[in-house]
1. Going by the alpha-carbon gyration tensor, a ≥ b ≥ c the square roots of its eigenvalues, is the stretch 134-199 rounded (a/c under 1.5) or, if a/c is not under 1.5, prolate (a/b greater than b/c) versus oblate?
2. So if I place +1 on the C-beta of Lys and Arg and -1 on the C-beta of Asp and Glu, and nothing else carries charge, what would the dipole magnitude of the chain be about its Cα centre? I want it in debye, nearest 20.
3. Run down the aspartates and glutamates and flag those whose C-alpha is under 14 Å from the C-alpha of Lys150, throwing out any fewer than 8 positions away in its chain.
4. Mind checking the angle between helix 203-219 and the chain's longest principal axis? C-alpha axes, 0 to 90 degrees, to the nearest 10.
5. Under 10 Å, Cα contacts only: if you run a Gaussian network model on the chain, which one of Gly69, Gly16, Gly78 comes out with the highest mean-square fluctuation?
6. Helix 14-26 versus the longest principal axis of the chain: what is the Cα-based angle in degrees, 0 to 90, to the nearest 10?
7. So which aspartates and glutamates can Lys2 reach, going by Cα to Cα under 20 Å and dropping same-chain residues fewer than 8 places off?
8. Using a Cα-Cα cut-off of under 16 Å, which aspartates and glutamates could be cross-linked to Lys28, ignoring same-chain neighbours fewer than 8 residues away?
Amino acid sequence: MKKLETIYLYDGSFKGFLCCIFESYVHKEVPSDIVPEESACPTLFETRSIATDESRALRVFRKVAVLSGEAALLLRRGFLTCLERREMRLYQLVAKLLREGPGFLKNLADETLLPVLKAVRHLEGEAQLLRGFVRFSEYSGVLGGEIEPKNRVLPLLRSHFCSRFPNEQFFIYDRTHQEALFYTAGKAVIVPLERFEIAPPDETEASYRRLWKRFYDTIAIKERENPRCRMTQMPKRYWNTMTEFQDETFFIAQKSINGTAISAPP
């Protein structure tokens, strides 16, 4: 395959990315980069938009899965990571798999495998932390929470929270990637959601928030405070969406008088 000074542009979806791999092999060329159209920057290189075709994407993924189930999982989860130049790293992984077979996957120090493997481990570790760090509030019978992850963890969180709250309606909004997981009546979907502002609490929800904050403060043992240990077990970058670390306004209920929201005293 010949090296091509062309950047592939795609729609940002996993299927769209797989179609970029298909395009490369059909034309026997290696793109210089693969970039989502929405994040593409002006460049001196030639660019080519690759259309998303579900049948082509399926052919690529099936081929990878036949060669190695492990590689298929790495490919799918690797696409959810915040790995730098993620698409080209994954493209190189697939190219090596097709060229050499799955043997290199046993070498954890392989230069093509290692960056993807580290990124997937980071994704899975972040999802594991957020299974315990998501804080829900109730909004008219619907549970809702927000997160700010580095990786797109919602697909990994879906099964955990759906099995934990099978009879509830809930949503989790990912501020970083502007998408939300919605669950109701036994069905869950993840959808893009660019503009989202969570509603203020009513008096009942505000009182629950204050109770949780009071519980958190009460069980702390002042003489055994260890800020470094706490930040190791509960990294500070997650605090922004955790109830116990919010400022006073988070615990103030909102009332509505003649359609105008006002703050109720705590």
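Quick note: the coordinates plus some simple rules give every number you see, no bench work behind them. Just so it is clear, the model here is predicted, and its values are computed rather than measured. Positions of Cβ are generated from backbone atoms using ideal geometry, with glycine treated the same way; all protein chains shown enter the neighbour counts.
1. oblate
2. 920
3. Filter leaves Glu84, Glu124, Glu126, Asp174, Glu179.
4. It works out to around 90 degrees.
5. Answer for the Gaussian network model of the chain: Gly69.
6. 10
7. Glu23, Glu29, Asp33, Glu46, Glu87, Glu100
8. Reachable aspartates and glutamates: Glu5.
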